[in-house]
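Below: the structure, in structure tokens.
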Amino acid sequence: MEKNTLSQDTELLTEIAVAYYQDEITQEEIARKFGISRIKVGRLLKRAREEGIVEINVRYHPVFSTRLEQQLLQRFPLQRALIALDHQDDDEQRRQVAALVSAHLSQNLKDNAVVAVGQGRNVAAVADYPGSVPTRNCHFISGIGGTHRPGDAINADHISRRLAKKFGGTSETLYAPAYVENRALKDAFMQNGTIKETLDRARKADIALVGIGDMNENSYMVKLGWFSPHEIIDASLNQGVTGDVAGYDFFNAQGQHVDTVMNDRVIGLSIDELRKIPCVIAIAAENTKAMAILGALRTGAIDIIATSAQNIRTLLNMTK
């Protein structure tokens, strides 16, 4: 009986939604047709959106994003700003930004190009974004070593493999852990010929694809176990850290390097090395990352920023 009631509710919501959004019948006419009040029609349409029966997609006119991009480029030495539709859901926001980065790579990635690849959910979303792309004889290289938590999908190596499959190119693994316990152990790894050669090739990449992180207790680095929630708070409040590039190279709001417990313990490309790569694409989809983006842009290592319109508006307000 309960299932039948739910089914009837869904049918009613669907029928009203089709009448309003597809057949363009007014809410007053729908109220008369179904024998309900105009107010109830409005409530049912709202419920249809909340339950996913209706999905409304709003796309910014290119003029809108171009205007925001131009304002940002007047304040920072960037090549481009890829600005996505605002969305309340983090996963959907990430997908929207990934779509722009994927399209940019499709249009600008040249045959025989070398791409250094970072880690994290935002970079992984680019590799996983669906749709056909032109085949490119390019080479994707892990720009940071591997981790085993919270999963392989957001490791640089696995992202490199998926990007290579997507664009018909090849991938190269950095055969090293991302994080080691001390500087001496890092130095020992760096003496390995295979690791050194891979990093040397990554340093000479044409493009780098990296994420921008912010300082919060639910960050990727806390999930990896690199920082405790307490250490993240301490770095933010007492050391002035606002974010990181590539998952570990930390900076303050002025873009200046800040020493943290991660110093000399990560095997991967540093901000100084990223500065020498002709095109660094940094991705920060979440709408909480405006301050982290500001610091990242001030490092001078970023050439293209990919983020949300809300983050860009916040950035513009902060730098008036």
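The values are calculated or read from the model by the stated rules, or taken from the named source; none is laboratory data. Computed from a predicted model, the values in this text were never measured in an experiment. Cβ sites come from the backbone with ideal geometry, for glycine too, and all protein chains shown count toward neighbours. These area figures cover heavy atoms from the full protein model, side chains too; ligands, DNA and RNA do not enter into them. Shrake-Rupley method; radii C 1.70, N 1.55, O 1.52, S 1.80 Å.
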Longest span of the chain, sites excluded, free of GluC sites (Glu not before Pro) in DSSP loop with at most 13 other C-beta atoms within 10 Å? 56-180
Partners for LYS46 among aspartates and glutamates (Cα-Cα distance below 18 Å; same-chain residues under 8 apart left out): ASP9, GLU11, GLU15, ASP23, GLU24, GLU28, GLU29, GLU55, ASP89
Rounded to one decimal in nm, the spacing of the 7 Å Cα→Cβ label points at GLU231 and ILE25 is 6.2 nm
Quick one: go through segment 118-133 and flag any residue whose amide nitrogen is under 18 Å from the point 7 Å out along the Cα-to-Cβ line of ASP206. 118, 133
With N residues in segment 13-153, Rg(alpha-carbon) / (2.2 N^0.38 Å) equals 1.51
Grab the Cα-Cα distance for GLU51 and LEU73, subtract it from 0.36 nm times how many residues apart they are, and report the gain in nm with one decimal. 3.9 nm
Counting pairs of alpha carbon atoms under 8 Å apart in space and at least six apart in sequence, what relative contact order in percent does segment 72-186 give? 22 percent
Computed lengthening from VAL261 to THR194, 0.36 nm per intervening residue step minus Cα-Cα distance: 21.4 nm
Heavy-atom accessible area per residue of segment 155-258, all protein chains kept, 1.4 Å probe, expressed in Å², is 46 Å²
Structure shown: which of LYS166/LYS186; LYS166/LYS204; LYS196/LYS289; LYS165/LYS186; LYS204/LYS320; LYS165/LYS289 lie over 24 Å apart, alpha-carbon to alpha-carbon? LYS166/LYS186; LYS196/LYS289; LYS165/LYS186; LYS204/LYS320; LYS165/LYS289
Trypsin sites (Lys or Arg not before Pro) in segment 10-112 lying in a DSSP loop, each with at most 11 other Cβ atoms within 10 Å of its Cβ, come to ARG59, LYS110
R0 of 56 Å, Cβ-Cβ distance HIS104-LEU185: FRET efficiency to nearest 0.05: 0.90
FRET efficiency, 1/(1 + (r/R0)^6) with R0 22 Å, evaluated for TYR175 and ASN112 via beta carbons: 0.40
